[in-house]
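Taking it in order: structure first as structure tokens, then the write-up.
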Amino acid sequence: MERWIWSLGMAVFYGVLFLWFLNQVKKPDYKKNYVFVKTVQSAAFLLMFFVAAGVRQDILNFWLMLPAFVCCFAGDVMLAFYNKIRKKRLFLFGLAAFLLGHLFFIRWLNRMQPPTITDVIFPAIAVIGVFVVTGTGSFHTGRLRPCILIYSFFIAYLFAKSMHIALSIPSVHHMVCAVGSLLFMVSDISILFLYFYKNKNRKVHLFNLTTYYVGIFLLAISPLFH
């Protein structure tokens, strides 16, 4: 019962903060304060992770997951600056930080269950799908296409591995991780339409932020259910 009380309280706090964040992003001049508000929102998932790990006193998982959340936080800040000043180098640094974060998350999942050949089937299909989609005239990925394909493999692997664990070792903890990973992957897929699609839509940005911050929140509080 205690873990559900903690998770509810954390969800209310995080949800209120996220609604404030979305309200700021919806403003026409949102870029003026975007770096600040996005940094605050990203610091919130770090705080949620610290609280969840502290409540459960799960030292091993804390140190396994911490580097992943730190990398995601760094990636958020760099992409926030990119959205404001549009320097391609910032986007590449942000992408690299998120890729490293995914690798740390994958290391954490692989300790729950050793990797198998089954885990790479979906990522391989995902890479082929992204290769086909980005080859159409609707996307302009340029020299970043190989990087996007590599990134696609690991975001798909993160989801596939978390789902494999949830199905083969059923538990609330593993299901929370799987749903969080699913939303994380959906958010990453939407990046294609946010940054590389020719006909951009402002709603894609809001969708990207919502799926990402809800997904990473679930991963952050997952220690409560371990």
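Values for this structure:
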{"quantity": "Residue-by-residue Karplus 3J(HN,Hα) for segment 89-106, coefficients 6.51, -1.76, 1.60, Hz, glycine and proline x", "calculated": "4, 5, 5, 5, 5, x, 4, 5, 5, 5, 4, 5, x, 4, 5, 5, 4, 5"}
{"quantity": "Whole-number D in µm² s⁻¹ for the chain, Kirkwood Cα-pair radius fed into Stokes-Einstein, 10 °C, 1.306 mPa s", "calculated": "88"}
{"quantity": "Å² per residue, accessible surface of the chain at 1.4 Å", "calculated": "49"}
{"quantity": "Label-to-label distance, nm, for residues given as LEU19 and TRP63 (7 Å Cα→Cβ offset)", "calculated": "4.0"}
{"quantity": "Hull volume in cubic angstrom per residue (convex hull over the Cα atoms of segment 30-102)", "calculated": "60"}
{"quantity": "The chain - percent of accessible surface contributed by carbon and sulfur, probe 1.4 Å", "calculated": "73"}
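The values are calculated or read from the model by the stated rules, or taken from the named source; none is laboratory data. Bear in mind the structure is a predicted one, so any value in this text is a computation, not a measurement. A quick note on method: Cβ atoms are made from the backbone with ideal geometry, for glycine too, and the neighbour counts reach across all protein chains shown. Please note that ligands, DNA and RNA were not included when accessible areas were found on the heavy atoms of the full protein model with its side chains. Shrake-Rupley method; radii C 1.70, N 1.55, O 1.52, S 1.80 Å.
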